[in-house]
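Trainee: For reference, the structure I am asking about is given below.
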Amino acid sequence: MISTLHRHKHAEIYSRLSQVIRREQVKGEQAMAETAITAVLSKFGELAASEAKLLAQVGDDMMLLRDRLEWLQAFIRDADRKRRSGTDGLTRVWVRQTRDVAFQVEDALDEFFHEVDLESQGYQGLIKWCKYLTGFWTQIIVRHGLSSRLKRIKSRLEQISENQKEYKIEHTSLAALTSSTTAIAAWRDDRASAIGLDEHVKTIEGMLFREDHPEPMFISIFGESGVGKSTLISVLGDKIHENFDLIFGYPVVPDSSTEDLLREIYRRIAEHCTEEEKANCGESREAIHTPGKIRRLLANKKYLMILSGISSKTMLNCVRASLPVGNTGSSVVLVLDSEYEEVAWHANSMNKDGVNKIHLLSRLDEKQSGQLFRSRAFRKQEYSESEHMGIYDRIMSHWRSFRKEESNEEGNTRMYDKIVYDITGGYPLAIVVLAGLLRFKEKPGQWEAVLQQLRPGPGTEEKQDSRGNQITEDVQGKCIEWQTGPATQANTSTTTTIERVFWASFEDLPNDLKSCFLYFAAFPKNIVQYASQMVQMWMAEGFIKPQKGKSMEELGHDYLKEMVLRCLVQIEDTNAAGGIEGVRVQRNLHGFLHSEAREAGFVEVHDMHDAFVPSSVRRLSFMSFGGRYTTVTNKFPKLRSFICRVEEEDEQSDDSQGVDMKHRWHDMRFLRRSKFMRLISLKGLRLNKLPDDIGCMVHQRYLRVDSKDLKDLPSSMKRLTNLQTLDIRGTQVEEIHISLWTMKTLRHVLADNLKLPPVQVFPIRKELDELQTVHGVKPHHQGEWDQLNCPLLKMTKLRSLELQGLEDAKHGAALKAALGRMHLLGHLKLKGDEIPPCVFTEQGLQYLQTVELEGPVQWPPADAFNELRIPRPNLVQLSLTDTNDAPQDIQEELRKAGFNRSTSRLRTVYRLPYR
């Protein structure tokens, strides 16, 4: 009877909620902010999957509610476009209020299921049943409270509808530019085109490879944001490696201090130095950030330092003071936006003999704009003159027919180049984003529609900046003039030109990808993000919808590949198999993202000491690089995600009150009321423990803690039955509760020195079907492994395994058996006293792509490598560290299989050239 009443109350609640939404939807008078609705829809999908039994009697009502929300979502795009254009203040209020209503619905659902779903709070068996009975009246109160909240939601919707009528806010549907084709299969076709940069490359090379001025030189690459300075640097990088002993770069993070910059410079240099060289520079911690230590590391080396984002002469002076004096032919390249003209000329004044080393990078002309667009809009197999010109002719025939103009082939080319130039203003950033957008459109019809919508028409000319847009250089006068020239004929200012194209591309993204892309706003500019971490965060947030035949991780990487194809994110690093390893959002696009995320209430980003944060925030990102102690005093009952990346003062320093910093710890108390938390990512905070209250955050899906003083995790974490990712790299945690290992939802465990569970004491009885990544683990000290007690035998679905502390006598046989069952394993790293030959011969590892071995290797006979493509058809890289190299006959077999060999002092790598 209780169960029946329970289900009926659920049905009543969902029915009333769907009626509220349905009533407003039929009127067509209300819309909700797109990202807010997407979040609610994903929540319904999760609830339907995880609460199947509970919702068996109310499934129809839930489906109806979801359908109504999806219908409403289609109407918000027009309102958001009006809001972004800034032309309709009433629409801005309308969007904000409807977004708040969507948030209210989400809060109501989260609160209800947090209180009612006892199983998700870790209650099992008799305890669960007793808790259910004793809490039944509490549940009635909870349902009554939800009912009252729905009444208030209904009342507010009705008031918003009345306001819409009174102020005559109308919905006018715009032409849809929905993607009709996809190009994910060709995502690697993202070549960084050097079109329009050939002469610039030659000029910079002439500055770098000089013989008449061997003293260290400061070279400034200077220009407007979006003109291709970063692309120029990447093109140069492919040409200059053989001419310098040491090449390193660093994008200066906004608001970072000079000490932060010098510390990063030292770190980048130290990565390329031997332990002996670093030891000769001093071991004391205080000396790490001093100019003297950098100077000693760079002494007698021909180095190239590339710094982007230096914003003050003071910071530049400190960099100069840290460099050695000598005739080595070294250079420092500064990448500067036009607003930092003063820094460029100050750097130039540091060069001896009055040599000018400022290079101006300007926008592209019409012809270059067309060439760059074609190189990025077509796939490689399409990119030929005959192919793309045929497409151009068809598009321009449509265009000229519409405008009743005569057509000819040469005129079509010039006309098309002019259209691209008019839309983009010659800015390479705008050109590649436009090309990325059109790669997902049918040719020629949808291309024409997009270009027609974006091209400025008569009467849309915008006033130029008072100083114009074209930059020219007057070397002798040592000043830079801003004047009107050919590049200003696009009739758009820098911001509006790039912004127009960016918003068109952003609007074209599917709803799930919009949320994923907006997530980059939670991180600082110029920061490279690891692809795997971003995908795991998207999964925790519920942005990735399950799809048959693909894992959630595979779908997430597909999302990332689409953003790369659309030129919205840049690939910064790839792995040995050619997969995306690190990505970054261009600074201009990051600014637009940050603005949209703030306006849409998607995330609050703060980088100030003791910044005020409203208690209603749903996602909070705190980024601080100024070395200040961070405190947050508010409580956040609606918070779902907390991302924190800080760099605090050294433990040996004292604060302004003379308190020893090593005794100041964060207790994370401000999260104690945040029971809806789904994601916590902490890096740099001084933590010696996590609050026990974290076990009450039963919706937690992603937990990352990077704090060197943390040694233990609270036992209450065993109640986090929805946890997907546990990342404790950078901590001293060596053991976690056995219940965490057996969670049905756990997919990724990443650590530095974590013991695998001792199955002799706590046996793992079921297969860990969801577990895909296990890094930084070692065998438990209790006993040896055999065919029954090896925990790896239950991890048959692993994609990536990194195991250390391996003792062949104790673990070798069981490891062989476990590896034989890991049919999906793609990456394997082993460190131990002896590496068994099964790594190369075991038949079950056919998906294996990369292998890293540290320790003596038991090499199998060379015959095992005669047909390497049979047992290891996907192997692309074999890395050997601190170990014996492969015997000559095996090296020969690897060479025959196409592997190239490279060596350093401690590492040998066999790598298959990327195809």
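Trainee: Does the range 353-362 contain any residue that is within 19 Å of V235 (Cβ to Cβ) and of a type in the set (D, E, K, R)?
Mentor: Yes, the conditions are met somewhere in the range 353-362.
Trainee: Now for a different question. Can you find a residue that is at pLDDT below 90, farther than 19 Å from Q843 by Cα and surrounded by 14 or more Cβ atoms within 10 Å (Cβ to Cβ) anywhere in the range 899-908?
Mentor: yes
Trainee: Going by the conditions given, is L845 of a type in the set (A, V, I, L, M), modelled with pLDDT of 90 or more, assigned to a loop (DSSP other than H, G, I, E, B) and surrounded by 15 or more Cβ atoms within 10 Å (Cβ to Cβ)? Spell out the reasoning first.
Mentor: On the way: of a type in the set (A, V, I, L, M): yes; modelled with pLDDT of 90 or more: yes; assigned to a loop (DSSP other than H, G, I, E, B): yes; surrounded by 15 or more Cβ atoms within 10 Å (Cβ to Cβ): yes.
It is true that L845 is of a type in the set (A, V, I, L, M), modelled with pLDDT of 90 or more, assigned to a loop (DSSP other than H, G, I, E, B) and surrounded by 15 or more Cβ atoms within 10 Å (Cβ to Cβ).
Trainee: Hey, could you check the range 800-812 for residues that are surrounded by fewer than 21 Cβ atoms within 10 Å (Cβ to Cβ) and closer than 21 Å to L768 by Cα and say which is nearest to the chain's Cα centre (by Cα)?
Mentor: Within the range 800-812, the match that is nearest to the chain's Cα centre (by Cα) is S800.
Trainee: Sticking with this structure for a sec: Hey, among E448, E462, which residue is at negative phi, modelled with pLDDT of 55 or more, of a type in the set (D, E) and out of contact with any Cys (no Cβ under 6 Å at 6 or more places or on another chain)? Don't jump to the end; show me each part of the working.
Mentor: Working: E462 fails: modelled with pLDDT of 55 or more.
The unique qualifying residue is E448.
Trainee: Okay, moving on. Just to confirm my filter: which strands (runs of 3 or more DSSP E) fall fully inside the range 608-726 and include at least 1 residues that are modelled with pLDDT under 90 and buried (at least 16 other Cβ atoms within 10 Å of the Cβ)? Give the derivation first.
Mentor: Values: elements: 619-624, 641-646, 679-683, 702-706.
Result: 619-624, 641-646.
Trainee: Which members of the range 231-243 meet the condition of being surrounded by fewer than 19 Cβ atoms within 10 Å (Cβ to Cβ) and either outside any helix (DSSP H, G or I) or of a type outside the set (A, V, I, L, M, F, W, C) (or both)?
Mentor: If the condition is that a residue be surrounded by fewer than 19 Cβ atoms within 10 Å (Cβ to Cβ) and either outside any helix (DSSP H, G or I) or of a type outside the set (A, V, I, L, M, F, W, C) (or both), then S234, G237, D238, K239, I240, H241, E242, N243 are the ones that fit.
Trainee: For the list (1) farther than 17 Å from G832 by Cα; (2) surrounded by fewer than 21 Cβ atoms within 10 Å (Cβ to Cβ); (3) in contact (Cβ under 8 Å) with a residue 24 or more places away in the chain; (4) out of contact with any strand residue (DSSP E or B) (no Cβ under 7 Å at 6 or more places or on another chain), I need the number of the one condition that H781 fails.
Mentor: Just one mismatch for H781, condition (1).
Trainee: Then there's this: Filter the range 195-227 down to the residues that are among the polar types (S, T, N, Q) and surrounded by fewer than 20 Cβ atoms within 10 Å (Cβ to Cβ), then identify the one that is farthest from L364 (Cα to Cα).
Mentor: Of the range 195-227, the ones among the polar types (S, T, N, Q) are 203, 220, 225.
If we keep only those that are surrounded by fewer than 20 Cβ atoms within 10 Å (Cβ to Cβ) as well, we get 203, 225.
Values: T203: 17, S225: 13 Å.
For the range 195-227, the residue satisfying everything is T203.
Trainee: Do you know which residues across the range 851-865 are surrounded by 14 or more Cβ atoms within 10 Å (Cβ to Cβ) and assigned to a loop (DSSP other than H, G, I, E, B)? Explain how you work it out, then say what you get.
Mentor: Step one: of the range 851-865, the residues surrounded by 14 or more Cβ atoms within 10 Å (Cβ to Cβ) are 851-860, 862, 864-865.
Of everything in the range 851-865, those that are surrounded by 14 or more Cβ atoms within 10 Å (Cβ to Cβ) and assigned to a loop (DSSP other than H, G, I, E, B) turn out to be G855, P856, Q858, W859, P860.
Trainee: Let me ask something additional. Could we say that K831 is basic (K, R) and over 24 Å from H272 (Cα atoms) here?
Mentor: When the stated conditions are applied, K831 does not pass them.
Trainee: Identify, by number, the condition in (1) buried (at least 21 other Cβ atoms within 10 Å of the Cβ); (2) modelled with pLDDT of 90 or more; (3) more than 18 Å from S505 (Cβ to Cβ) that I423 doesn't meet.
Mentor: With (1) buried (at least 21 other Cβ atoms within 10 Å of the Cβ); (2) modelled with pLDDT of 90 or more; (3) more than 18 Å from S505 (Cβ to Cβ) applied to I423, the lone miss is (3).
Trainee: In the set L771, L815, L803, which member is farther than 23 Å from F865 by Cβ and either free of Cβ contacts under 8 Å to residues at least 12 places away in the same chain or not in a strand (DSSP E or B) (or both)? Spell out how you get there, then give the answer.
Mentor: Details: L815 fails: farther than 23 Å from F865 by Cβ; L803 fails: either free of Cβ contacts under 8 Å to residues at least 12 places away in the same chain or not in a strand (DSSP E or B) (or both).
Exactly one of L771, L815, L803 is farther than 23 Å from F865 by Cβ and either free of Cβ contacts under 8 Å to residues at least 12 places away in the same chain or not in a strand (DSSP E or B) (or both), namely L771.
Trainee: Inspect the range 536-545 for any residue being assigned to a loop (DSSP other than H, G, I, E, B), surrounded by fewer than 19 Cβ atoms within 10 Å (Cβ to Cβ) and at pLDDT below 95 and give the result as yes or no. Even if it seems obvious, please write down each step before you answer.
Mentor: Within the range 536-545, the first condition is being assigned to a loop (DSSP other than H, G, I, E, B), and the residues that meet it are 542-545.
From what is left, the residues that are surrounded by fewer than 19 Cβ atoms within 10 Å (Cβ to Cβ) are 545.
Remaining after also requiring at pLDDT below 95: 545.
Yes, the range 536-545 contains at least one residue that is assigned to a loop (DSSP other than H, G, I, E, B), surrounded by fewer than 19 Cβ atoms within 10 Å (Cβ to Cβ) and at pLDDT below 95.
Trainee: So, one more: Only residues that are without any contact (Cβ under 8 Å) to a residue 40 or more places away in the chain and aromatic (F, W, Y): list them for the range 250-280, please. Walk me through how you get there before you give the answer.
Mentor: Just the residues of the range 250-280 that are without any contact (Cβ under 8 Å) to a residue 40 or more places away in the chain, to begin with: 263-264, 266-273, 275-280.
Matches in the range 250-280: Y266 only.
Trainee: Just give me the residues in the range 301-339 being in contact with a Ser or Thr (Cβ under 8 Å, 6 or more places away or on another chain), at pLDDT 90 or above, in a helix (DSSP H, G or I) and farther than 13 Å from I265 by Cα, in sequence order.
Mentor: T314
Trainee: Any residue at all in the range 209-229 that is under 21 Å from G591 (Cβ atoms) and assigned to a helix (DSSP H, G or I)?
Mentor: yes
Trainee: Considering only residues that are without any contact (Cβ under 8 Å) to a residue 60 or more places away in the chain, among the β-branched types (V, I, T) and either in contact with a strand residue (DSSP E or B) (Cβ under 8 Å, 6 or more places away or on another chain) or surrounded by fewer than 23 Cβ atoms within 10 Å (Cβ to Cβ) (or both), which ones fall in the range 514-535?
Mentor: Across the range 514-535, the qualifying residue is only V528.
The values are calculated or read from the model by the stated rules, or taken from the named source; none is laboratory data. Please read these numbers as outputs of a predicted model, since none were measured by experiment. Backbone-built Cβ (ideal geometry, glycine too); neighbour counts: all protein chains shown.
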